[in-house]
1. Please verify whether Lys256 is more than 21 Å from Val18 (Cβ to Cβ), open to solvent by 60 Å² or more (accessible area, probe 1.4 Å) and without any contact (Cβ under 8 Å) to a residue 24 or more places away in the chain, treating the condition exactly as stated.
2. Within the stretch 150-160, how many residues are open to solvent by 10 Å² or more (accessible area, probe 1.4 Å) and either aromatic (Phe, Trp, Tyr) or closer than 24 Å to Leu133 by Cα (or both)?
3. Quickly run through the stretch 119-149 and pick out the residues that are modelled with pLDDT under 90, buried (at least 19 other Cβ atoms within 10 Å of the Cβ) and not hydrophobic (A, V, I, L, M, F, W, C).
4. At pLDDT below 95 and either polar (S, T, N, Q) or touching a strand residue (DSSP E or B) at 6+ places or on another chain (Cβ under 9 Å) (or both): does that describe Asn206?
5. So Ala110 passes all but one of these: (1) open to solvent by 80 Å² or more (accessible area, probe 1.4 Å); (2) outside any loop (DSSP other than H, G, I, E, B). Which condition number does it fail?
6. Six or more apart or on different chains, Cβ atoms under 6 Å: show the pairs whose first residue is in the stretch 27-50 and touching a residue at least 24 places away in the same chain (Cβ under 8 Å) and under 14 Å from Arg64 (Cβ atoms) and whose second is of a type outside the set (Gly, Ala, Ser) and in a helix (DSSP H, G or I).
7. Answer with yes or no whether Asp172 is surrounded by 21 or more Cβ atoms within 10 Å (Cβ to Cβ) and within 14 Å of Thr92 (Cα to Cα).
8. Which one of the conditions (1) under 21 Å from Ala13 (Cβ atoms); (2) at pLDDT below 95 does Asp192 fail to meet, given that it meets all the rest?
Amino acid sequence: MLELYHNTMSSCAQKVRVGLAEKGLEWKSHHLNLRKGDQQRPEYLKLNPKGVVPTLVDRDKVIRESNIILEYLEEAFPNPPLLPVDPYERATARLWNQRLTEGHHDIGTATLSMGIAFRHQFLAKGEPACRELIDNIPDPVKRERRRDVIYNGVDGKEFPIAVDMWVALLNDMEKALSMHKWLAADVYTITDAAFTPYLTRLDHLNVLGFIKDKPRITAWYEAIRDRASYRLGITDWLDENYLELMTEKGNEAWPKIARMIT
């Protein structure tokens, strides 16, 4: 059986759970508490040296990185297909996912989420524990990004960059959805699965004002939430403690974010 090392509210874990649900695959859950540092334990670092989630294990094979896992699931379990038949549309789907990998996830989404809400979970632990969690992040670039946004929030140096990245991405998504029903084609693909958690994150952070003038993205997100995979991959795993924090802090931060957008 497939085994997934994941976290309830991780956007990368969410996209893989959505992909597994779309494929109708059964899997064994290994949940990691990221705030307790489960992802930094030696036994997990043997599976994933970066200390991030998710990690998929298929018998003796270990597959890392969420977008790569989606590709693996498509090739290892081709039915139902989650890539178009047309080669150009398949390339388009992969280009969308590459955009997440090349910066939007770690700068756009992680910075937005941490700067608005999750920083408060770190700070609540007290200075020594907070500093230790940050210092244990294996990637030195990510470590310093997190340090800045945890201590400075929406006033962090990278936060306005994250907002700009979101604006650019959403403009491009709205344009793409004017040309076909789903992001990469007229059929649902791994790209739609991959982007589902990112719109969900805006929703949970109470900052859907980002798409108030984007009717096509609004309709796409509604269609996404109507799919069974949304419940199985996201809704069934929601952590109410996180949601309360995200909503409260997002409401506080939105006026300043709205000024950055304009």
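1. In short, no.
2. 6
3. Arg145, Arg146
4. no
5. (1)
6. Hits for this filter: Leu32/Asp38; Leu32/Gln39.
7. no
8. (2)
The values are calculated or read from the model by the stated rules, or taken from the named source; none is laboratory data. Bear in mind the structure is a predicted one, so any value in this text is a computation, not a measurement. Heads up, the Cβs are rebuilt from the backbone with ideal geometry, glycines too, and the neighbour counts pull from every protein chain shown. All accessible areas refer to the heavy atoms of the entire protein, side chains included, with ligands and DNA or RNA removed. Shrake-Rupley method; radii C 1.70, N 1.55, O 1.52, S 1.80 Å.
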